[in-house]
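Data block below; observations after.
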Amino acid sequence: MKPVTAKRLRLLASAASVLLFVALALAAWFYVKMRASLPLLDGSAKIANLSAPVTVERDAQGVPTIRGSQRLDVARALGFLHAQDRFFQMDCTRRHAAGELAELFGKKALPHDKQVRIHGFRTLAQKVLASLAPDIHALVEAYTEGVNTGLTKLSTKPFEYILTRTTPQAWKPEDSVLMIYAMTLDLQDEDAGYEQSLAALRDTLGQSALAYFAPLIGPDDAALDGTTALLAPMPTERMIDIRKRVYTTEEKTAALRQSEYSDVLPGSNAFALDGARTATGSALLANDMHLSLRVPNIWYRASLVFPATNGQGETRVTGVTLPGTPFVVAGSNGSIAWGFTNSYADTADLIVLNRAAGPGTYSTHNDVAMYEKRAETILVRGEKPEVVEYSWTCWGPVVGTNADKRDLALKWVAQDPEATNFNLFALESASTVQEAIEIAHRTGTPAQNFLVADTTGTIGWTICGRLPKRIGYDGRLPAAWSYGDRKWDGFLPPETIPTAIAPADGRLWSGNQRLFGGEILRVLGDGGYEQPMRAGRIRDELTALGKATPRDLLAVQLDVQAPYLERWHQLFLRLLDPDAVAKSKDRARLRAAAEKWEGRASVDSVSYRIIAAFHQQVVDRVLPVVFEPCYDAYPEFKFRRFHYEPALWEMVNQKPPHLLGQDYGSWDDLLLAAVDDVAEDIDQEHSTIARATWGQHNAAQIKHPLSSALPGLLGSWMNMPADPLPGDNNMPRVQSPTSGASERFVVSPGHEDEGIFHMPGGQSGHPLSPFYRAGHEAWLKGEPTPFLPGTAVHTLTLKP
């Protein structure tokens with residue numbers, strides 16, 4: 001080796017050694033800082049204003065049992081724990097609702113903040129806080145004190161702020177109200193996009209297309225009252241004729257197909273059996289709330305123990321809390337058990353504004369009004385603040401225009417501070433279904449299906465959250481209010497909110513479907529109900545049960561059968577006849593793999609992967625082309641929430657030429673193209689057809705929001721493993737790589753020791769905590785784990 005080359009290699013080796021040393025030093029420094037931000041598990045800590053010591057016992061999964069002599073003390077302790085385990089999550093959630101993420105993350109968060117600031121949720125939160133009843137206000141104040149104490153008792157700031165090089169800001173009482181608004185944004189349609197999509201369909205393709213492709217009541221619905229309706233007539237070629245349109249390029253239709261994949265629809269399952277249908281005689285409740293999955297999980301498990309309000313004995317409330325709020329959201333208090341699903345009741349309307357004579361004006365009933373301009377200043381980390389101006393009307397903000405280019409104002413329940421409160425807290429002391437339902441009617445949350453069960457064996461359903469009282473119309477489509485014949489007359493009085501207690505057949509079920517027809521449907525409206533296949537499967541499985549136990553209902557929650565795909569499987573096999581198979585080796589392989597049909601979204605199933613993909617490819621090749629004018633009228637148009645399945649099946653079987661895309665000579669050509677799409681998708685996943693299992697396609701992507709900020713394996717270490725996941729959308733076990741059951745529990749009030757609980761991720765948001773992944777494996781495998789916390793392995797005493 002030449003001396004020059006050797007010298008260069010020595011220099012490179014020295015440089016590499018220096019870089020390695022620096023990297024190791026930085027890693028060691030970061031590790032020390034991370035360890036310093038770990039929560040306290042044992043010993044003691046002081047919290048101001050405690051009336052007496054509070055004990056916090058954590059079990060092997062990190063689930064705390066908090067015992068205090070006053071409810072306010074328990075609130076302070078819960079705030080302390082939330083801050084120690086989850087403060088960064090709480091911070092991001094309050095900023096999500098307030099439109100203040102750019103202050104923490106810079107310009108990349110600015111589009112989100114601009115979209116959210118139009119609602120002014122921080123100002124609303126301040127108004128809500130000022131209106132709280134004294135006892136609830138005191139609870140929020142005590143919780144806030146606990147949060148800020150918990151934050152300061154860490155040896156150093158939470159590790160996420162080290163990564164982002166920022167400083168955590170103290171918690172404010174109004175921030176707890178923002179947590180409700182964050183859930184509202186996650187669960188409801190903040191710009192009425194569903195209503196705008198319905199309007200675009202009607203305005204471009206006509207009323208017949210709306211009735212056919214987006215029916216409010218369908219033939220296969222799984223409503224509690226059994227209501228169904230025949231599919232409306234297929235639009236004729238005089239109404240829609242794709243063949244006569246200007247040719248649409250494959251590139252455009254592909255772009256339209258892709259635009260439909262951005263939305264994850266939040267939903268949930270909840271179902272209950274009365275005492276006559278259970279092994280214990282006490283009612284039985286199951287709940288799994290389907291949300292986006294991330295690390296840490298949205299929920300924080302806890303068991304709160306404090307003296308009963310009647311002075312006799314103690315109250316023990318166990319379930320899931322939402323970090324940032326001071327009470328159990330869903331769970332059991334020993335007398336009742338309760339849970340939620342997103343109701344998709346219609347709590348927002350689009351108002352078509354009639355232009356008035358002068359510039360910047362619009363018509364109200366018998367008057368002319370000026371648009372109000374509201375300016376919001378958004379702080380942006382590393383940049384100058386941005387000032388954004390929004391136009392408001394007397395009804396709400398302007399959120400878009402219709403096909404006639406007239407402004408649309410949004411009237412939304414969430415914009416009224418009277419619609420938000422913490423009355424859900426009162427469920428802690430409720431003892432009967434009737435009491436719980438009365439509390440739900442006074443509660444201010446995003447409108448939810450509320451299912452409740454009690455120790456007497458009674459079950460019930462109602463809507464938890466405020467509903468508008470509409471006058472003159474049903475609110476499904478935009479309408480003008482300037483004539484005075486259409487309006488909201490405040491909110492529905494509690495006594496008129498729909499309720500179902502002690503149903504005759506002893507069953508209640510919700511899979512986000514339409515629950516009722518008739519007058520109840522008129523009151524609830526249409527906020528975009530889920531298709532009925534999942535709810536129908538739950539209904540059928542509950543019907544088949546005998547005297548049920550918690551494990552029986554867990555089996556329903558974990559069910560991955562897809563009966564609705566059976567007919568698509570048969571179509572697939574008929575389509576791939578000898579002539580079709582002879583033209584492609586991939587088609588032959590697909591047919592061979594699909595013949596072994598289990599009808600289950602299990603991780604090892606190849607046939608399910610093929611048929612589910614085939615169904616989706618047919619959807620993508622048929623509907624975006626039909627709806628092309630809708631996209632032109634409303635670029636954010638989405639049809640995924642339409643109940644299009646009955647129409648699609650009829651089209652595939654009747655093969656109407658006027659609804660066939662111009663790229664195909666026949667419907668069989670379209671269907672075979674969808675088959676070929678399946679093979680292409682498998683190839684793009686770098687797999688072979690014989691090995692293309694559902695689990696390979698549906699692998700977990702449950703990530704920490706900051707994992708991408710760390711290099712390689714270090715970032716991956718913060719995420720949950722990329723495990724293959726069973727389940728899919730239209731079945732009880734809803735599961736995608738990034739969304740699914742955020743919790744899963746089954747409990748019979750009075751028999752909590754027999755209850756079951758699952759949660760993805762773990763209790764702690766700290767990767768070095770032993771509880772960062774605790775419980776995740778049981779959630780993944782569906783293994784029954786206790787609802788109640790186990791034996792204490794850590795004890796922390798909080799002292800005055």
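The values are calculated or read from the model by the stated rules, or taken from the named source; none is laboratory data. On a predicted model such as this, the values are computed, not experimentally measured, just so you know. Reconstructed Cβ throughout: ideal geometry from the backbone, glycine too, with neighbour counts over all protein chains shown. In case anyone asks, the SASA skips ligands and DNA or RNA and just uses the protein heavy atoms, side chains included. Shrake-Rupley method; radii C 1.70, N 1.55, O 1.52, S 1.80 Å.
Looking only at residues of the stretch 359-386 that are of a type in the set (A, V, I, L, M) and touching a helix residue (DSSP H, G or I) at 6+ places or on another chain (Cβ under 7 Å), we find that the one that is nearest to residue 408 (Cα to Cα) is 378.
Inside the stretch 398-440, residues that are touching a Lys or Arg at 6+ places or on another chain (Cβ under 6 Å) and more than 23 Å from residue 185 (Cα to Cα) make up a count of 0. Selection of first residues in the stretch 654-681 that are over 21 Å from residue 586 (Cα atoms) and assigned to a helix (DSSP H, G or I) and of second residues that are hydroxyl-bearing (Ser, Thr, Tyr) and modelled with pLDDT of 95 or more, restricted to Cβ pairs under 6 Å at least 6 apart or on distinct chains, gives an empty result. None of 74, 18 is among the β-branched types (Val, Ile, Thr), modelled with pLDDT of 95 or more, out of contact with any Pro (no Cβ under 7 Å at 6 or more places or on another chain) and in a helix (DSSP H, G or I) except 74. For the stretch 118-128, taking the residues that are closer than 19 Å to residue 101 by Cβ and in a helix (DSSP H, G or I), the one that is most open to solvent (accessible area, probe 1.4 Å) is identified as 123.
Considering the stretch 493-547 alone, what residues qualify as being of a type in the set (Gly, Ala, Ser), open to solvent by 30 Å² or more (accessible area, probe 1.4 Å) and touching a Lys or Arg at 6+ places or on another chain (Cβ under 9 Å)?
Initial filter on the stretch 493-547 (of a type in the set (Gly, Ala, Ser)): 500, 502, 504, 506, 510-511, 517-518, 525, 527-528, 535-536, 544, 546.
Filter again for open to solvent by 30 Å² or more (accessible area, probe 1.4 Å), leaving 502, 504, 518, 544, 546.
Once the filter is applied, which keeps residues that are of a type in the set (Gly, Ala, Ser), open to solvent by 30 Å² or more (accessible area, probe 1.4 Å) and touching a Lys or Arg at 6+ places or on another chain (Cβ under 9 Å), the stretch 493-547 yields only 546.
Condition test on residue 61, is it touching a residue at least 24 places away in the same chain (Cβ under 8 Å), more than 21 Å from the chain's Cα centre (by Cα) and either assigned to a helix (DSSP H, G or I) or surrounded by fewer than 24 Cβ atoms within 10 Å (Cβ to Cβ) (or both)? So that I can check it myself, show each step before the final result.
Values: touching a residue at least 24 places away in the same chain (Cβ under 8 Å): yes; more than 21 Å from the chain's Cα centre (by Cα): yes; either assigned to a helix (DSSP H, G or I) or surrounded by fewer than 24 Cβ atoms within 10 Å (Cβ to Cβ) (or both): yes.
Answer is yes for this residue.
What is the residue count in the stretch 158-180 for residues that are among the aliphatic types (A, V, I, L, M) and open to solvent by 10 Å² or more (accessible area, probe 1.4 Å)?
Here is the first cut: in the stretch 158-180, the ones among the aliphatic types (A, V, I, L, M) are 162-163, 170, 177-180.
Subsequent filtering for residues that are open to solvent by 10 Å² or more (accessible area, probe 1.4 Å) retains 162-163, 170, 180.
Of the residues in the stretch 158-180, 4 are among the aliphatic types (A, V, I, L, M) and open to solvent by 10 Å² or more (accessible area, probe 1.4 Å).
Scanning the stretch 278-314 for residues that are open to solvent by 20 Å² or more (accessible area, probe 1.4 Å) and hydroxyl-bearing (Ser, Thr, Tyr) returns 280, 292, 309.
Being among the small types (Gly, Ala, Ser) and open to solvent by 40 Å² or more (accessible area, probe 1.4 Å) is the filter here; which residues of the stretch 639-665 pass it?
Start the filter on the stretch 639-665 by keeping residues that are among the small types (Gly, Ala, Ser), which leaves 647, 661, 665.
665, the sole residue that qualifies.
All conditions but one from (1) farther than 30 Å from residue 392 by Cα; (2) surrounded by fewer than 17 Cβ atoms within 10 Å (Cβ to Cβ); (3) basic (Lys, Arg) apply to residue 442; the one that does not is (1).
A quick yes/no check of all residues on (1) aromatic (Phe, Trp, Tyr); (2) open to solvent by less than 10 Å² (accessible area, probe 1.4 Å); (3) under 30 Å from the mean Cα position of the chain (by Cα):
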{"position": "332", "(1), (2), (3)": "no, yes, yes"}
{"position": "337", "(1), (2), (3)": "no, yes, yes"}
{"position": "344", "(1), (2), (3)": "yes, no, yes"}
{"position": "349", "(1), (2), (3)": "no, yes, yes"}
{"position": "355", "(1), (2), (3)": "no, no, no"}
{"position": "363", "(1), (2), (3)": "no, no, no"}
{"position": "371", "(1), (2), (3)": "yes, no, no"}
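Number of residues in the stretch 378-387 that are open to solvent by 60 Å² or more (accessible area, probe 1.4 Å) and within 29 Å of the chain's Cα centre (by Cα) equals 2. Being within 30 Å of residue 549 (Cβ to Cβ), modelled with pLDDT of 95 or more and either among the β-branched types (Val, Ile, Thr) or not in a loop (DSSP other than H, G, I, E, B) (or both) is the requirement here; does residue 695 meet it? When the stated conditions are applied, residue 695 passes them. When you check residue 701 against the structure, is it part of a helix (DSSP H, G or I), under 32 Å from the mean Cα position of the chain (by Cα) and under 30 Å from residue 766 (Cα atoms), yes or no? In short, no. Residues in the stretch 452-466 that are open to solvent by 10 Å² or more (accessible area, probe 1.4 Å) and among the aromatic types (Phe, Trp, Tyr): 0 in all.
Against the numbered list (1) touching a helix residue (DSSP H, G or I) at 6+ places or on another chain (Cβ under 8 Å); (2) among the aliphatic types (A, V, I, L, M); (3) open to solvent by less than 20 Å² (accessible area, probe 1.4 Å), residue 603 comes up short only at (3). Please go through (1) assigned to a loop (DSSP other than H, G, I, E, B); (2) modelled with pLDDT of 95 or more; (3) not acidic (Asp, Glu) for residue 612 and return the number of the only condition it doesn't satisfy. Here residue 612 meets the rest and fails (1).
For the stretch 745-764, state whether one or more residues are open to solvent by less than 10 Å² (accessible area, probe 1.4 Å), in contact (Cβ under 8 Å) with a residue 12 or more places away in the chain, closer than 26 Å to residue 592 by Cβ and not in a loop (DSSP other than H, G, I, E, B). Taking every residue of the stretch 745-764 in turn, none turns out to be open to solvent by less than 10 Å² (accessible area, probe 1.4 Å), in contact (Cβ under 8 Å) with a residue 12 or more places away in the chain, closer than 26 Å to residue 592 by Cβ and not in a loop (DSSP other than H, G, I, E, B). No other residue among 629, 635, 646, 624 is assigned to a loop (DSSP other than H, G, I, E, B) and not hydrophobic (A, V, I, L, M, F, W, C) apart from 635. Checking the structure you have, find out if any residue of the stretch 388-397 is open to solvent by 60 Å² or more (accessible area, probe 1.4 Å), assigned to a strand (DSSP E or B) and of a type in the set (S, T, N, Q). For the stretch 388-397, residues open to solvent by 60 Å² or more (accessible area, probe 1.4 Å), assigned to a strand (DSSP E or B) and of a type in the set (S, T, N, Q): absent. Determine if the stretch 534-544 includes at least one residue that is in contact with a helix residue (DSSP H, G or I) (Cβ under 9 Å, 6 or more places away or on another chain) and under 18 Å from residue 618 (Cα atoms). No, the stretch 534-544 contains no residue that is in contact with a helix residue (DSSP H, G or I) (Cβ under 9 Å, 6 or more places away or on another chain) and under 18 Å from residue 618 (Cα atoms). Scanning the stretch 776-800 for residues that are in a loop (DSSP other than H, G, I, E, B), open to solvent by 20 Å² or more (accessible area, probe 1.4 Å) and farther than 27 Å from residue 72 by Cα yields 783, 784, 785. Under the condition of being without any contact (Cβ under 8 Å) to a residue 60 or more places away in the chain and farther than 15 Å from residue 707 by Cβ, the residues counted in the stretch 765-776 number 1. Selection of the stretch 351-387 for residues being touching a residue at least 12 places away in the same chain (Cβ under 8 Å), in a strand (DSSP E or B) and β-branched (Val, Ile, Thr) yields 351, 352, 364, 368, 378, 387.
Of 473, 483, which residue is closer than 24 Å to residue 513 by Cβ and among the aromatic types (Phe, Trp, Tyr)? Working first, answer last.
Details: 483 fails: closer than 24 Å to residue 513 by Cβ.
Being closer than 24 Å to residue 513 by Cβ and among the aromatic types (Phe, Trp, Tyr) holds for just one of 473, 483, which is 473.
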